[in-house]
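A short worksheet on the structure shown next.
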Amino acid sequence: MTADHDRVPILEALAEYRGKGRLAFSPPGHKQARGADPAVREVLGDAVFLGDVLASGGLDDRLTRGRVLERAEELMADAVHADHTFFTTCGSSLSVKAAMLSVAGPHEELLIGRDAHKSVVSGLVLSGIEPVWVEPRWDPRLRLAHPPSAADFDRAFDAHPGAKGALITSPTPYGACADLAAVAEVCHRRSLPLIVDEAWGAHLPFHPDLPSWAMDAGADICVTSIHKMGSGLEQGSVFHLQGDLVPPQVLKLRADLLGTTSPSVLLYAGMDGWRRQMALHGKDLMGRALHLAARLRTSVERIEGMHVDGRDDLCGAVLAHDLDPLPCVIEVEGLGISGFRAADWLRQHRDIDVHLSDHRRIGTQITHADDEGTVGELLGALEDLAQAASGLRPVPPVEVPDPAELRLEQACAPRDAFFGPVEEVPTDRAAGRVAAEMITPYPPGIPVVLPGERLTEPVLRYLLTGRDAGMNLPDPSDPGLGTVRVVRESAE
């Protein structure tokens with residue numbers, strides 16, 4: 001039977017709920033906005049509360065006989081060519097953990113690209129899975145990490161034949177993409193599953209000029225954040241499954257283990273609506289976004305001191321396999337300022353927020369929601385930034401290590417370091433000690449230090465100089481990084 005993508009089961013059920021004027025003597029306690037604080041209602045509007053109902057015993061009956069969520073998930077799976085799709089309202093941070101736990105268990109090995117998001121590391125700490133780190137393809141010129149190659153995973157499997165599968169991140173927050181088909185072939189040759197953390201790739205299935213997405217490339221599980229490049233609300237995430245290497249019942253059980261029993265119907269509705277929007281109009285919407293991104297890239301190149309990283313910069317034999325052009329990553333080092341300083345100036349003086357910033361660039365993502373007006377405002381602000389840059393105070397230098405110096409020895413498992421006996425030591429005396437916490441510049445959220453890794457002087461200098469230059473480090477127990485949480489010496 002052909003799927004009817006005009007249907008939106010969750011939105012239709014919400015409309016029916018509202019139309020019937022159902023009276024609930026159940027959570028949520030605001031009861032269709034009537035009990036909400038007036039100031040909150042004024043800012044958020046009543047529509048938020050009117051869409052906030054119980055998933056079962058509200059949106060659907062108590063036994064979910066209407067299959068409202070199930071029908072929405074089936075339509076999403078059809079739209080993106082997956083066998084099964086699961087919605088979650090706990091973000092891809094939960095989805096990727098559920099995916100990991102469906103492939104490996106405590107004390108079992110899983111191959112993971114070392115450029116993984118902090119949520120993957122949290123999954124290792126919680127699960128006790130033993131990571132086998134696969135090195136990213138480091139670009140020493142741009143100081144960027146690109147996804148590992150298929151050959152990198154092939155060698156790692158040969159060295160660790162007991163590994164249960166692999167996890168790769170693609171696209172990266174900078175738009176760099178892996179050769180997923182080749183990595184999937186490496187896994188499937190061994191009858192092992194491939195998990196793709198594709199949190200930044202919700203849009204990829206909907207236009208032929210975008211990089212191939214995980215399901216079409218043969219991945220077994222794909223995790224996607226609908227809110228990042230799509231129209232979903234924050235925390236809206238889906239994970240897709242295909243093939244027979246991971247039973248769908250197992251994936252659902254693992255997700256239920258971690259997920260909330262009070263999911264937000266608002267988030268469900270956002271994902272359901274996004275699917276219909278893309279299934280019906282995705283090619284046109286993504287085509288316009290690609291046109292706008294191309295215009296932005298061309299125009300920024302005319303601004304003295306700025307450069308947009310493109311395919312020639314990021315793709316090549318030892319770099320990324322492909323590039324998503326919608327995350328427009330702009331180098332501002334030529335202005336004599338850091339990305340941190342640029343992001344702060346744009347927010348303070350032009351009310352523009354960028355996605356990410358680092359020691360030399362900012363990330364400005366273009367989506368289907370942008371138009372000539374929003375891109376024009378961004379370009380005007382960037383031109384103003386270029387004019388103002390010479391008057392900004394000097395930039396504290398960030399001492400970025402060479403790629404080889406960024407790689408730390410994994411002295412013990414992340415779980416053992418995190419939960420074992422620990423102590424806090426001054427950062428200037430932490431070199432040589434084993435970290436018991438994550439230290440992660442955010443965004444993009446890729447940890448520089450993991451629990452169980454042995455700290456070194458170059459990495460500590462990078463973090464301290466980054467902190468002084470404006471790097472956001474939300475993870476450490478000491479936000480100022482005056483001390484570091486490490487494994488107690490007697491336990492090392």
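The values are calculated or read from the model by the stated rules, or taken from the named source; none is laboratory data. Computed from a predicted structure; not experimentally measured. In this analysis, Cβ positions are derived from the backbone assuming ideal geometry, glycine residues included, and neighbour counts consider all displayed protein chains. Heavy atoms of the whole protein, side chains included, go into the accessibility calculation; ligands, DNA and RNA do not. Shrake-Rupley method; radii C 1.70, N 1.55, O 1.52, S 1.80 Å.
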_Checking Ala182 against (1) of a type in the set (A, V, I, L, M); (2) in a loop (DSSP other than H, G, I, E, B); (3) surrounded by fewer than 23 Cβ atoms within 10 Å (Cβ to Cβ), only one condition comes out false. Which one?_
(2)
*Residues being touching a residue at least 40 places away in the same chain (Cβ under 8 Å), within 24 Å of Ala289 (Cα to Cα) and not hydrophobic (A, V, I, L, M, F, W, C) - total across region 358-402*: 10
_If a residue must be open to solvent by 20 Å² or more (accessible area, probe 1.4 Å) and without any contact (Cβ under 8 Å) to a residue 40 or more places away in the chain, how many such residues does region 297-311 contain?_
6
*Just one of (1) open to solvent by 70 Å² or more (accessible area, probe 1.4 Å); (2) closer than 26 Å to Ala214 by Cα; (3) in contact with a helix residue (DSSP H, G or I) (Cβ under 8 Å, 6 or more places away or on another chain); (4) not in a loop (DSSP other than H, G, I, E, B) trips up Arg7, so point out which.*
(4)
_I'm trying to understand the selection: among the residues of region 185-207, which are surrounded by fewer than 24 Cβ atoms within 10 Å (Cβ to Cβ) and within 17 Å of His321 (Cβ to Cβ)?_
Glu185, Val186
*Quickly run through region 306-337 and pick out the residues that are assigned to a loop (DSSP other than H, G, I, E, B) and farther than 19 Å from Glu198 by Cα.*
Met306, Asp309, Gly310, Gly316, Ala317, Val318, Val332, Gly336, Ile337
*Pull up region 365-394, narrow it to residues that are among the β-branched types (Val, Ile, Thr) and touching a helix residue (DSSP H, G or I) at 6+ places or on another chain (Cβ under 6 Å), then point me to the one that is farthest from Gly201 (Cα to Cα).*
Val375
*Any idea which of Gly66, Gly105 is free of Cβ contacts under 8 Å to residues at least 60 places away in the same chain and either more than 30 Å from His5 (Cβ to Cβ) or not in a loop (DSSP other than H, G, I, E, B) (or both)?*
Gly105
_Subset of region 39-54 that is open to solvent by 30 Å² or more (accessible area, probe 1.4 Å) and part of a loop (DSSP other than H, G, I, E, B) - its residue that is farthest from Arg275 (Cα to Cα)_ = Leu54
*So which of Leu233, Leu319, Leu267 is open to solvent by less than 50 Å² (accessible area, probe 1.4 Å), in contact with a Leu (Cβ under 6 Å, 6 or more places away or on another chain) and not basic (Lys, Arg)?*
Leu267
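Condition check ((1) in a loop (DSSP other than H, G, I, E, B); (2) modelled with pLDDT under 95; (3) in contact with an Asp or Glu (Cβ under 6 Å, 6 or more places away or on another chain)) across all residues:
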residue: Cys222; (1), (2), (3): no, no, yes
residue: His227; (1), (2), (3): no, yes, yes
residue: Gly232; (1), (2), (3): yes, yes, no
residue: Leu245; (1), (2), (3): yes, no, yes
residue: Gln249; (1), (2), (3): no, no, no
residue: Ala255; (1), (2), (3): no, yes, no
*Does His240 satisfy being touching a Cys at 6+ places or on another chain (Cβ under 9 Å), modelled with pLDDT of 95 or more and open to solvent by less than 10 Å² (accessible area, probe 1.4 Å)?*
yes
_Considering only residues that are touching a residue at least 40 places away in the same chain (Cβ under 8 Å) and open to solvent by 20 Å² or more (accessible area, probe 1.4 Å), which ones fall in region 209-227?_
Asp209, Ser212, Asp216, His227
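Quick grid of which residues meet (1) in contact with a Lys or Arg (Cβ under 9 Å, 6 or more places away or on another chain); (2) within 17 Å of Asp324 (Cα to Cα); (3) in a helix (DSSP H, G or I):
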residue	(1), (2), (3)
Asp344	no, no, yes
His359	yes, no, no
Thr364	no, yes, no
Asp370	yes, yes, no
Val375	yes, no, yes
*Residue satisfying all of: in region 55-92; touching a helix residue (DSSP H, G or I) at 6+ places or on another chain (Cβ under 7 Å) and open to solvent by 50 Å² or more (accessible area, probe 1.4 Å); farthest from Pro263 (Cα to Cα) among these*: His81
*Identify, please: which residue in region 416-429 is free of Cβ contacts under 8 Å to residues at least 60 places away in the same chain and over 30 Å from the mean Cα position of the chain (by Cα) and is, among those, most open to solvent (accessible area, probe 1.4 Å)?*
Arg429
*Can you name the number of the only condition in (1) farther than 27 Å from Pro474 by Cβ; (2) touching an Asp or Glu at 6+ places or on another chain (Cβ under 9 Å); (3) not in a loop (DSSP other than H, G, I, E, B) that Ser119 fails?*
(1)
*Scan the helices (runs of 4 or more DSSP H) fully inside region 396-478 and keep the ones with 3 or more residues being at pLDDT 95 or above and touching a Ser or Thr at 6+ places or on another chain (Cβ under 9 Å).*
457-469
*Leading residue by the ranking (nearest to the chain's Cα centre (by Cα)) among those in region 135-149 that are more than 17 Å from Val448 (Cβ to Cβ), of a type outside the set (S, T, N, Q) and buried (at least 20 other Cβ atoms within 10 Å of the Cβ)*: Pro147
*Failed item in (1) at pLDDT 95 or above; (2) out of contact with any helix residue (DSSP H, G or I) (no Cβ under 7 Å at 6 or more places or on another chain); (3) of a type outside the set (Ser, Thr, Tyr), with Leu292 passing the rest*: (2)
